[in-house]
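This report concerns only the one structure given below.
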Amino acid sequence: MKKSVFIAMAAAFSMAAMTGCSGSKEAAATTAAATTAAADTTAAAETTTEEAKEAETAAEAEGELDPDCRLAKVLKAGKFVIGTAPDFAPMEFKDVSSGKTEYVGSDMEFAKYIADKLGVELEIKAMEFSAIQQAVASGTIDAGISGFAYTEERAKSYGTSILYNVQPDDKGHTCLVLKENASAYKTPEDFSGKKVLAQNASLQQNLVSTQLPSDITFQPVTAVTDGVMMLITGKADALAVSWDNGEMLMKSYPELAMTEFKFDHEDDGNIVLMAKEETELIDAVNEIIEEVNESGIYFQWTEEAQALAEKLGINNN
């Protein structure tokens, strides 16, 4: 499929939706043009020509796109359905300040941007982090956008986008512990015999299992905030987190601190998770990510999300 075909497809569906009301408007415009100056008539003719070219391009794109592929179904349905685990500020979290639950964060702004570029509405389905991959595989959702890091295992089973949120000064991953114990954790060996938590099916879980001593007691948690509560109540010793997420959590829970220890992992950004065979959707999303990366707008979304999370106290249980 040629570059930007999905944009033409979105235009085709949008034009189809407006067909019922366009005829009378065109007739009125034609009548008005007949009584106006020659310059206005020329401008109207040029606009008509451009519309005709867009329609021709859209028709060509429609012929190129397999109607059974995921991208065609997204455009036909008029919505882009994504799964997210809204407990990972500043990327995805809940805002209930208006009296209703809204899913916000830098990833949610990113998802809206993708939907807008496709010319469709965004539908967000909140679910456990580990369930997102299953939902992608089963076709329940179109994509997973929830702070996913690239791993070879994910790439083998799913369609992965190119990287977004690539920060040159990313601080990586570490552990949260009670503040009074923070100085005790400087090396992997310092976790020996301790109970360590990480969100189920997350990158942090993989880092814990591969880089901490084999005699730790590991327990996966459904939500990061569940792990925080276990730390505070003395039911666990450490919670593996990304540095950014850890900083946000410390602002809401001052009794916690990050350890000097850091996992050995170069964080290159995040990916959108899609079905492996849906190359048309993957290509369309990749093209949009290229635009996002080039503009640097994701970092603006992050700053805004951090400010909102601080205001709300990120109490996203």
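Descriptive notes on the structure:
- Complete set of residues in the range 200-238 that are in contact with a strand residue (DSSP E or B) (Cβ under 6 Å, 6 or more places away or on another chain) and of a type in the set (S, T, N, Q): 200, 204, 205, 217, 219, 225
- Any chance residue 202 is in contact (Cβ under 8 Å) with a residue 40 or more places away in the chain, surrounded by 17 or more Cβ atoms within 10 Å (Cβ to Cβ) and under 20 Å from residue 181 (Cα atoms): no
- Only one of 140, 187 that is within 30 Å of residue 125 (Cα to Cα), surrounded by fewer than 16 Cβ atoms within 10 Å (Cβ to Cβ) and touching a residue at least 24 places away in the same chain (Cβ under 8 Å): 140
- Some residue of the range 242-257 being surrounded by fewer than 17 Cβ atoms within 10 Å (Cβ to Cβ) and not in a helix (DSSP H, G or I): yes
- Looking only at residues of the range 90-123 that are assigned to a loop (DSSP other than H, G, I, E, B) and within 12 Å of the chain's Cα centre (by Cα), we find that the one that is surrounded by the fewest Cβ atoms within 10 Å (Cβ to Cβ) is 90.
- Residues in the range 245-259 that are at pLDDT below 95 and over 21 Å from residue 92 (Cα atoms): there are none.
- Residue match in the range 274-282 (condition: at pLDDT 95 or above, of a type in the set (Gly, Ala, Ser), in the same structural domain as residue 91 (by TED's automatic domain parsing) and under 27 Å from residue 133 (Cα atoms)): yes
- Within the range 156-175, the presence of at least one residue that is assigned by TED's automatic domain parsing to the domain that holds residue 283, surrounded by fewer than 16 Cβ atoms within 10 Å (Cβ to Cβ) and not in a loop (DSSP other than H, G, I, E, B) is confirmed.
- Here residue 293 fulfils each of the conditions (1) of a type outside the set (Asp, Glu); (2) out of contact with any Leu (no Cβ under 9 Å at 6 or more places or on another chain); (3) in the same structural domain as residue 143 (by TED's automatic domain parsing); (4) in a helix (DSSP H, G or I) apart from (2).
The values are calculated or read from the model by the stated rules, or taken from the named source; none is laboratory data. None of these values were measured; they are calculated from a predicted model. Don't worry about glycine lacking a Cβ; one is built from the backbone with ideal geometry, like all the others, and counts go over all protein chains shown.
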